[in-house]
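Q: Sharing a structure, written as structure tokens. Questions coming.
The values are calculated or read from the model by the stated rules, or taken from the named source; none is laboratory data. Model, not experiment: these values are computed from the prediction. Every residue, glycine as well, gets a Cβ built from its backbone with ideal geometry; the counts of neighbours run over all protein chains shown. SASA here: full protein model, heavy atoms, side chains in, ligands and nucleic acids out. Shrake-Rupley method; radii C 1.70, N 1.55, O 1.52, S 1.80 Å.
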Amino acid sequence: MQRSVSSGLRELSFYYVKDKALEVCVDPVIVDNEVVGYFHITRDATDYKKAENQVKISEERYRLLSEITTDSASSVLIYPDGRIEREWIADKLVKEYGYTAEELDTFSKWRGIIIPEDQYLFDQELANLKQGKSVNVDLRVNTKDGRIRWINNSIFPLPTDKPNVIRLLS
């Protein structure tokens, strides 16, 4: 199997031979505006292609997880200064409860919709998360239209390639 990408006069191709991926780059040698030959470089791109495939598989898993989850799924990065960066969200839960993702984009905002009697549970589990522990907690929350609903929240801290930054998958 071959895939070629032409860019001007350069050609980049991937060839698959048994269990190896070879990347071939061919450049013309031009003298006086005339092609007099070709220069090529071939390298083993097997590790690159395997990594690329692993990324595709991982992205597909995240997509499937977000599609099959009954209420919500999300991934956020927590920085040492407490800042939260949402990577992605499947926001059925957010819509069901009447809030936008932006209205619940900090821990204090989430805590604010939990009924007062259950806020101590949130605080305990937040402390566990900060210690790198997974949590599973049942809480009652106020919907935007004033109803009280139960929510089961399972959150898993995952390492990142950024120092002192934690990824939370829930």
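Q: Go ahead and run the numbers for FRET between Asn164 and Tyr62, Cβ-Cβ distance against an R0 of 22 Å, rounding to 0.05. Numbers along the way, then the final one.
A: Numbers: r = 23 Å, r/R0 = 1.06.
It comes out at approximately 0.40.
Q: Would you check the accessible area of Thr100, probe 1.4 Å, heavy atoms only, in square angstrom rounded to 10?
A: About 70 Å², rounded to the nearest 10.
Q: Can you give me the % of accessible surface on the chain that is carbon or sulfur? Probe 1.4 Å, all protein chains present, nothing else counted. Let's see the in-between values first.
A: On the way: 6200 of 11550 Å².
So the carbon and sulfur contribution to the accessible surface is 54 percent.
Q: What are the residues whose amide H is under 5 Å from the amide H of Ala45, where those residues sit 5 or more places off or on another chain and H is modelled from the backbone?
A: Ala21, Leu22, Glu23
Q: In addition: How far, in nm, would the chain grow between Gln54 and His40 when pulled straight, counting 0.36 nm per residue and subtracting the alpha carbon separation? Let's see the in-between values first.
A: Working: separation 14, 0.36 × 14 = 5.04 nm, distance 2.84 nm.
Once the chain is fully extended between Gln54 and His40, it gains 2.2 nm.
Q: By how many nm would the segment from Ser13 to Lys130 grow when fully extended, if each residue of separation counts as 0.36 nm and the alpha-carbon distance is taken off? Don't skip to the end; give the middle numbers.
A: Numbers: separation 117, 0.36 × 117 = 42.12 nm, distance 4.68 nm.
Taking Ser13 through Lys130 to full extension adds about 37.4 nm, to one decimal.
Q: What is the gain in length, in nm to one decimal, between Asn33 and Leu121 on full extension, counting 0.36 nm per residue of separation less the C-alpha to C-alpha distance? Please list the in-between numbers first.
A: On the way: separation 88, 0.36 × 88 = 31.68 nm, distance 7.44 nm.
So the extension gain works out to 24.2 nm.
Q: Scan around Ile114 for amide H atoms under 5 Å from its own, H built in the peptide plane at 1.01 Å from N, and keep only partners 5 or more places away or cross-chain.
A: HN-HN under 5 Å from Ile114: Asn142.
Q: Between Arg83, Arg43, Arg61, find the one with the highest GNM mean-square fluctuation for the chain; connect C-alpha pairs within less than 10 Å.
A: Greatest mean-square fluctuation among the candidates belongs to Arg43.
Q: Cβ under 12 Å from Arg167's Cβ, Arg167 left aside: what net charge do those residues give with Lys, Arg +1 and Asp, Glu -1?
A: Details: positive: Arg86, Lys162; negative: Glu85, Glu87, Asp161.
Overall, the nearby charge balance is -1.
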